[in-house]
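The values are calculated or read from the model by the stated rules, or taken from the named source; none is laboratory data. Predicted model, so just to flag it, every value in this text is computed and none were measured. Every residue, glycine among them, receives a Cβ derived from its backbone with ideal geometry; neighbour counts consider all protein chains shown.
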Number of protein chains: 4
Amino acid sequence: GNTATLTISCPDRPGIVAAVSQFLHRHGANIIHSDQHSTDPHALESGGSTFFMRMEFHLGGLDQTGDAFAAAFARDVAGPLNMDWHLSYAARPKRMALLVSRYDHCFLDLLWRKRRGELNVEIPLVISNHEDLRRDAEMFGLPFHVVPVTRENKPRAEAEQVRLMREAGVDFAVLARYMQILSGNFLQAFGRPVINIHHSFLPAFIGANPYRAAFTRGVKLIGATSHYVTEDLDAGPIIAQDVVPVTHRDTPESLVRVGRDVERQVLARAVKAHVEDRVLVHGNKTVVF
Amino acid sequence: GNTATLTISCPDRPGIVAAVSQFLHRHGANIIHSDQHSTDPHALESGGSTFFMRMEFHLGGLDQTGDAFAAAFARDVAGPLNMDWHLSYAARPKRMALLVSRYDHCFLDLLWRKRRGELNVEIPLVISNHEDLRRDAEMFGLPFHVVPVTRENKPRAEAEQVRLMREAGVDFAVLARYMQILSGNFLQAFGRPVINIHHSFLPAFIGANPYRAAFTRGVKLIGATSHYVTEDLDAGPIIAQDVVPVTHRDTPESLVRVGRDVERQVLARAVKAHVEDRVLVHGNKTVVF
Amino acid sequence: GNTATLTISCPDRPGIVAAVSQFLHRHGANIIHSDQHSTDPHALESGGSTFFMRMEFHLGGLDQTGDAFAAAFARDVAGPLNMDWHLSYAARPKRMALLVSRYDHCFLDLLWRKRRGELNVEIPLVISNHEDLRRDAEMFGLPFHVVPVTRENKPRAEAEQVRLMREAGVDFAVLARYMQILSGNFLQAFGRPVINIHHSFLPAFIGANPYRAAFTRGVKLIGATSHYVTEDLDAGPIIAQDVVPVTHRDTPESLVRVGRDVERQVLARAVKAHVEDRVLVHGNKTVVF
Amino acid sequence: GNTATLTISCPDRPGIVAAVSQFLHRHGANIIHSDQHSTDPHALESGGSTFFMRMEFHLGGLDQTGDAFAAAFARDVAGPLNMDWHLSYAARPKRMALLVSRYDHCFLDLLWRKRRGELNVEIPLVISNHEDLRRDAEMFGLPFHVVPVTRENKPRAEAEQVRLMREAGVDFAVLARYMQILSGNFLQAFGRPVINIHHSFLPAFIGANPYRAAFTRGVKLIGATSHYVTEDLDAGPIIAQDVVPVTHRDTPESLVRVGRDVERQVLARAVKAHVEDRVLVHGNKTVVF
């Protein structure tokens, strides 16, 4: 409906909540949900704490575009308190690009959740390095672009991917078991958040073939981790992770099968949190409200 | 340390957060944690929503006893906004009575957690209808009172229990697998919260022998529920519950054994939440921050 | 591949494992997996125990149709030991009918799993009382039959459903959130297993609107239960169940959303277990190997 | 009661179950529980599969000491089939040594479980490098030996620990948060299984301070792993592991607190499995029946 979400991070100090809530109250915004976090409240005096806040509110008496509201907030609150902040409107859904290869489970799960109304996103395009999932994409009415990637053409292929996404006005990208490592160039050129799903409970089993590695090590649980992509492989800020128990009866093949269910659940949880502005990055960690 | 916790419930309306946070800021209180909840934010205009809040703060520039602070809060904020509110100080731990019978697992778990510093409580007394756990209580240095309960003497026994607890200045009582049903008279005479642990995932298997009933029904998970005691058996506001998977291999005896681990975890979680003023009752439900 | 599964239930007595394993060994069958269960091994002498077994084996030197093998087993082992038994061949997948209404989540989840090779079934038909899911069914190449059900036409509608399923040679039916209660007549006329998914952790919240009831009761977890359908509503033998934690923040609507994920996981687990002959019914309970 | 447990591992081949079950049947042993596992049943012909079995049975008509029974089994079955095997009697509980330092949670949890009858063990001694837990040990009537360990005296200290355990006829040792790394010499001289609890979901966070490392990495779950000790730090065969969710609200201190509950549960599960002969080691992995 007619709601907006404000996220804030800033150096912690007394009076932030008072300042923000007064401002919203004065502008006729009714708070629906509010969450806050101080990284180290006991270090507040010494300046060692960072403050995070997420407020979801009704745009009651507000001008709907929000421009004047945003300008006033910048001037009266965010500037004086040295805030990083972001304001988004439910009426303007985020635009999500999906990058896929051949596995369908995470891909279909996200498409189905969007269809169900669980994810307030638009999906202007799907990009793949293979043809396999074209029919699924098209069944959901989505443009499907194949950009083959080889060792030789990788820089050119990545440039093409970034061009497609920027032309489509994409706000963030999701690697739904996309089987290529993105280069630093890609990340810089794209310049927006990229969410990945890794099929292990990181930091265990970084890199290729984590289910095989889990089988070899004889662990009693396997997992999945969704994180923002950085230049360090599988080392970006973790958004969500989960595990399932396994036993000596499991084979590498059954781990793959069981793992699919965890992967899609964890990725969906992370994407939903991102879409609803619940994830605030703090260094290499996240605050998830 | 030198912290206090303020809990609030009141009719929802715009400006509550602003009013409370301004008040705290003006009185030099630095907020450490803050949580809030509106039961139905979209019904705010129509008066159909109730607002809950929990704020934990440093008593920075405050007078330590807090009396003046509390009086000012009552006058300036709580009164005008029609609040139910409670203020407690970390330096003044809640006083908890334990009622037990013969099972030791929940009892020992709570005593050990207190010893570990996990529970900020004082335990002025333990009351039992049996002698069995006297040695355990005494090992932890706790006064142990045996009040036998029979069908005939129940009113007198309950009166004695209440007298013991009130003389000891008890703030709340925990039934750590106490195997007697408390009468409405007891609850009224005691007049303070009583927390129970029931060995099923309520509302399934209300009443006696839930593990036997679970075995007979052939469920694939068993659980435990901690709730505030009301006059309706096993029907009070639920604070915490959890389950564990079981299989056809389980016998009524193994369910009892497996269940013990869930019972003690769930009860400990509920007691800790209560002790830290994280549980706000709303009709027959709870808000657990 | 070339494997078969033998399931057995019989009065427990010494020597059953020896008899079965000797028979298989003599007929050149190599055991791949074997599970067994005695309901009360300590009551074996008194005849109070029932024995269950599931053996999966390679049809090494066997004649492939298995007719002679089955006849020999009946004569040499099953008859003398008074066994209920069943033999199925991986090369002959079970035929599953899906009954649906308007919810797509359980339905699509089963179709995806079949497509991915997780479920060794054939799906000769889908029956619905609404048109809504026709397009989804047809995208998977499945015949979709609409049989509207009203209070007046219910006996005739059920007769039509049974006729469709029997003509299609269906081995079992799955109610993938089919929103009609099946009559005893239906169950008798169909005469094969019917698997349902109920959206609560039974025996809590039997009947209609369990999420609403869970919200009203204020439980801290919600769940789903898959069971064989009997004439008693939501009271048949439970195959699988699971729960997820919820909080005071959840609304009836969010419970429905969160619940969908549990429902489809639990139903898929139950269907897979049934398809692989892992579920043996024992009175109103199940053994799930 | 009057039961025994037989565990077997051997090269997989057809007819093993038949041979073992026939032998038991012939000797009047009634099987109570039976579990088996082939590491790769499809590689049975090529010799690439290993077979594991655990059988629990009543010693009905057997001579109670079991010597003749064991000799016959060795001669008739184990020898011809090239088995590693072990036979243990419920009437002869395993003797467990506990090694502790200063943390009490795993230690007390095991003592409570033994007192409650959950663990069929004798505990002839407790060894610590600190005095702290003496009173707890003595309250349970257990001999408490302090063997201080420094960098300089470590070889001598370990020799003393091994001497104490061997004199006490110990069958296996449990490191209940014992904060010293055991040398290869210790393991060889002791020559019996040693079970450790590591406070992370291995292979993540091997070595010291895993909770601090988990905090720094920003994981969304923490865990514990119980494993047999080998000369490679935290790399021995895993018996049990589990995790709990954590959030951005957790501090290194709260991770330690939350972790204690997982540690004691996981260690108790592993010790119980070992005590009941449910754990069979296979290279660096385990089969847990």
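Brief remarks on what is shown
- Residue selected from segment C:259-275 under the condition in contact with a strand residue (DSSP E or B) (Cβ under 7 Å, 6 or more places away or on another chain) and charged (D, E, K, R), by the criterion farthest from C:A90 (Cα to Cα): C:E263
- Listed by first and then second residue, the pairs with beta-carbon distance under 7 Å, at least 6 apart or on different chains, first residue in segment C:5-24 and on the phi > 0 side of the Ramachandran plot, second assigned to a helix (DSSP H, G or I), are C:G15/D:H25.
- Top-ranked residue in segment A:97-122 [being under 25 Å from C:G259 (Cα atoms) and away from chain C (no Cβ under 12 Å); ranked as surrounded by the most Cβ atoms within 10 Å (Cβ to Cβ)]: A:L110
- Strands (runs of 3 or more DSSP E) enclosed by segment C:236-289 - at least 2 residues per element that are more than 17 Å from the chain's Cα centre (by Cα) and in the same structural domain as C:S226 (by TED's automatic domain parsing): C:238-245
- Test: residue in segment B:190-198 that is in contact with an Asp or Glu (Cβ under 6 Å, 6 or more places away or on another chain) and crowded, with 22+ Cβ neighbours inside 10 Å: yes
- Residue match in segment B:64-77 (condition: touching a residue at least 24 places away in the same chain (Cβ under 8 Å) and within 13 Å of chain A (Cβ to nearest Cβ)): yes
- Some residue of segment D:45-59 being over 26 Å from A:R249 (Cβ atoms), within 14 Å of chain C (Cβ to nearest Cβ) and not in a helix (DSSP H, G or I): yes
- Set D:R212, D:R264, D:R260: member being of a type in the set (K, R) and surrounded by fewer than 19 Cβ atoms within 10 Å (Cβ to Cβ): D:R212
- Hits in segment A:202-218 (condition: part of a loop (DSSP other than H, G, I, E, B) and out of contact with any Leu (no Cβ under 7 Å at 6 or more places or on another chain)): A:L202, A:P203, A:A204, A:F205, A:A208, A:N209, A:G218
- Total residues in segment A:1-37, condition in contact with a Ser or Thr (Cβ under 6 Å, 6 or more places away or on another chain) and within 7 Å of chain B (Cβ to nearest Cβ): 4
- Here segment A:218-231 is the region considered, the condition is being within 12 Å of chain D (Cβ to nearest Cβ) and surrounded by fewer than 24 Cβ atoms within 10 Å (Cβ to Cβ), and the residue that is nearest to D:V281 (Cα to Cα) is A:G218.
- Test: residue in segment B:127-144 that is modelled with pLDDT of 95 or more, buried (at least 18 other Cβ atoms within 10 Å of the Cβ), more than 23 Å from D:L108 (Cβ to Cβ) and touching a Leu at 6+ places or on another chain (Cβ under 7 Å): yes
- Subset of segment A:147-171 [part of a helix (DSSP H, G or I) and either modelled with pLDDT under 95 or out of contact with any strand residue (DSSP E or B) (no Cβ under 8 Å at 6 or more places or on another chain) (or both)]: A:K154, A:P155, A:R156, A:A157, A:E158, A:A159, A:E160, A:V162, A:R163, A:R166, A:E167
- In segment B:198-217, residue nearest to C:K220 (Cα to Cα) [restricted to those that are touching a residue at least 40 places away in the same chain (Cβ under 8 Å) and more than 8 Å from every other protein chain (Cβ to nearest Cβ)]: B:H199
- Breaking point among (1) in contact with a helix residue (DSSP H, G or I) (Cβ under 7 Å, 6 or more places away or on another chain); (2) within 12 Å of chain A (Cβ to nearest Cβ), for B:D40: (1)
- When each of A:R75, A:R13, A:R92 is tested for being surrounded by fewer than 18 Cβ atoms within 10 Å (Cβ to Cβ), outside any loop (DSSP other than H, G, I, E, B) and among the basic types (K, R), the lone residue that passes is A:R75.
- Members of segment A:253-289 found to be of a type in the set (A, V, I, L, M, F, W, C) and away from chain D (no Cβ under 14 Å), listed by number: A:V256, A:V258, A:A268, A:V271, A:V275
- Some residue of segment C:243-252 being within 14 Å of chain B (Cβ to nearest Cβ) and surrounded by 22 or more Cβ atoms within 10 Å (Cβ to Cβ): yes
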